[in-house]
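Inspection log for the structure reproduced underneath, given as structure tokens.
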Amino acid sequence: MKSVLLKIPLLFSLLFLAGCQQKKGNLVTDHLDGTNQIQYAKGISIVKHQGFSIVKITDPWPNAAKVYTYILQEKKGSIPDSLKQNTIIQIPIKKIVVTSTTHIPSLEMLGVENTLIGFPNLDYISSEKVRQRIDSGNIKELGSNQNLNTEVLIDIAPDVIVGFGIDNNNPTLDNLQKSGLKVILNGDWNEQTPLGKAEWIKLFGVLYGMESKANTIFDNIVSDYKKTAAIASKANTKPTVMGGAIYENQWYLPEGNSWGCYFLKEAHAQYLWADSKGTGSLSLSFESVLEKAQNADIWIGPGEFTSLKEMLDANPHYGQFKAFQNKKVYSYSTRKGKKGGLIFYELAPNRPDLVLKDILKITHPELLPDYQLYFFDQLQ
């Protein structure tokens, strides 16, 4: 997830289940003739033409009013005059700066992680390959997403900066564009479906001239995801699931239409707040959660706790829940990178196939008897 937002640990520990705002419909490319290469994502379209591609991004943050259009020009490609008012990026790119850990797996899966030359707050990165480049001094520290080091960026001169915003106020990115640097917004975090998030690898595919490889990677993810969903359909029971934890005297847990709840539905589990219609987080009293979830079968995503003892030390009332008493508490906070960044935050949005396998293993272990959890651990 985004480095700037990870400064709120508990709220982002709900990321497994919580998403953002509702999306608009699929983008329609209105320039020239062409087919949108995007199937699942709602916030991006990619249309390839002779010598160039048109990338349109909408909702890079919740309720964004503007559609951002980028023209990716191939070598010797000719661009129609009607498109020249848009940001033009020469491809394939050779040097890149990204600003979210969720961008890192796309580079690694495409085998182009060596082109990454800068990132804000390097400690958040968990990828072992990228950390080796950081340790070798090949990737520059850029500060924070909301206050990128302009001087360093101008000095290293990336072909493109892949940025993101949480609203329409990011003067740093505006100043970088005024300095002549190319910036493209990435709205992967604002997608609401698992396959929609993962499909943003296609943006990096077209930037590197590796569309075919990106499509193959994504198609394999979709295939594995659907195979697991088919296995889940064989479930004969529907265990009840609770989530979240207490933060500053309020219990934060995901609303029913959030990204993570999608996995629970696919895994044939019953999230106890599934009838809540939002895609963010609910803020409830302990008493109301206890009343509804005291007998829940499974507890997924209990903040950033890494053991049952740690939970009890923080609040002994956690012990009143049946899921806690039966040690059916599962967390992704135990698996961390070299500098403490959570691997789940970085990789899970890109690998929904692995997340769904984890959730199915947790909720219906009999259906995946030989599978070992990838992101989650059962707290002891």
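The values are calculated or read from the model by the stated rules, or taken from the named source; none is laboratory data. None of the values given here were measured: they were computed from a predicted structure. Don't worry about glycine lacking a Cβ; one is built from the backbone with ideal geometry, like all the others, and counts go over all protein chains shown. The accessibility values were calculated without ligands, DNA or RNA, using every heavy atom of the protein model including side chains. Shrake-Rupley method; radii C 1.70, N 1.55, O 1.52, S 1.80 Å.
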At 1.4 Å probe size, with no ligands or nucleic acids counted, give the accessible surface of Glu310 in Å², nearest ten.
70 Å²
For the stretch 247-380, just say rounded, prolate or oblate: build the C-alpha gyration tensor, square-root its eigenvalues into a ≥ b ≥ c, call rounded for a/c under 1.5, and beyond that prolate if a/b exceeds b/c, oblate if not.
rounded
So for the stretch 253-351, averaging the separation of alpha carbon pairs under 8 Å that are six or more residues apart and normalising by length, what relative contact order in percent results?
21 percent
Ignoring ligands and nucleic acids, Ile184 exposes an accessible area, probe 1.4 Å, in Å² to the nearest 10, of 0 Å²
Bridge type composition, the chain - antiparallel percent by DSSP, nearest 5:
55 percent
With the alpha-carbon atoms as the only input, what is the per residue convex hull volume for the chain in Å³?
139 Å³
Averaging sequence separations of C-alpha pairs under 8 Å and six or more residues apart, then dividing by the length of the stretch 316-380, give the relative contact order as a whole percent.
40 percent
Given a 1.4 Å probe, the accessible area of the stretch 129-242 per residue, as a whole number of Å², is 42 Å²
Expressed as a percent, the accessible surface of the chain that is carbon or sulfur, using a 1.4 Å probe and the full set of protein chains, is 47 percent
Run the Debye formula on the Cα coordinates of the stretch 147-216, all scatterers equal and no solvent, and tell me log10 I(q)/I(0) at q = 0.17, 0.21, 0.23 1/Å.
-0.74, -0.96, -1.03
Only helices counted: for the chain, with every DSSP H run of 4 or more residues adding -39500 (n - 2.57) and the sum spread over all residues, [θ] at 222 nm is -8000 deg cm²/dmol
Gain in span if fully extended, Gln294 to Gln372, counting 0.36 nm per residue against the direct Cα distance
25.3 nm
Over 10 Å intervals from 0, what percent of Cα-Cα pairs in the stretch 180-228 sits in each interval?
24, 46, 25, 4, 1
Gain in span if fully extended, Asn86 to Ala230, counting 0.36 nm per residue against the direct Cα distance
47.5 nm
Under a plain spin-label model, where a point goes 7 Å from the Cα along Cα-to-Cβ, how far apart in nm are Asn168 and Val67?
1.7 nm
Output row, site Gln320, 7 Å Cα→C-beta label point, backbone N cut-off 12 Å, window the stretch 266-309, residues 285-295
Please give me, ordered by residue number, the GluC sites (Glu not before Pro) of the stretch 205-296 that lie in loop per DSSP and have at most 14 other Cβ atoms within 10 Å.
Glu248
I need to check one value: relative contact order of the chain, counting alpha carbon pairs closer than 8 Å and at least 6 residues apart, in percent.
19 percent
